[in-house]
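This report concerns only the one structure given below.
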Amino acid sequence: MKKLWRNYSYAIILVALCMVSLVVIKINVPSSPSHYMTITVSAGQSLWEISQKYEEQHGLSEIEFIKWVEKYNGISGDNIFTGDNIIIPIDARKMEVKEVQNLASY
C-alpha cells in the first residue's frame, strides 16, 4: 500500500480534487434556465426596477441580480426593451407554489 501511495500519490490527490470540484460546480451552477422564471418587460422598466420588485424571491444584491440577468440573457448594460422576455434568477417552481398558496388563502 505504501508503494502504491508513493508511486501514485499525486495522481490520487488530483483525481480526488477533480471529484470535489465537480461536486461544488454541480451544486453552485444552475442546472437549466428552464427552471427559472421568465417575465415580459413592461414599458419603462429597467433591470434595477425588476430586481427591486422581486428582491424577496431572488436573495441577491441588485448588482448581482443585474449581472446574472445580463449573463443568462446575453444582454449588456441594461439594454432591455418593452415586450422583451427575460429569464430572472427566481425558481419558477417555488413561485407557482406561492401563487397556489395565495389563491387557496382567499
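Here, each number is a calculation from the coordinates, and none is a lab measurement. In this text, all values refer to a predicted model and were calculated from it rather than measured experimentally. Here Cβ is always computed from backbone atoms with ideal geometry, including for glycine, and neighbour counts include all displayed protein chains.
A few notes on this one:
- Rg [Å, one decimal], Dmax [Å, integer] - the range 34-91, C-alpha atoms: 10.1, 26
- For M37, M19, M1, order by how many other beta-carbon atoms lie within 10 Å, fewest first: M1, M19, M37
- Cβ-based net charge around A43, under 13 Å, with every Lys or Arg adding one and every Asp or Glu removing one: -2
- Set of lysines with alpha-carbon distance to K67 below 23 Å, sequence-local pairs under 8 removed: K26, K53, K94
- Annotation: amide H of Y36 within the under-5 Å range of A92, sequence separation 5 or more or interchain, hydrogens built in the peptide plane.
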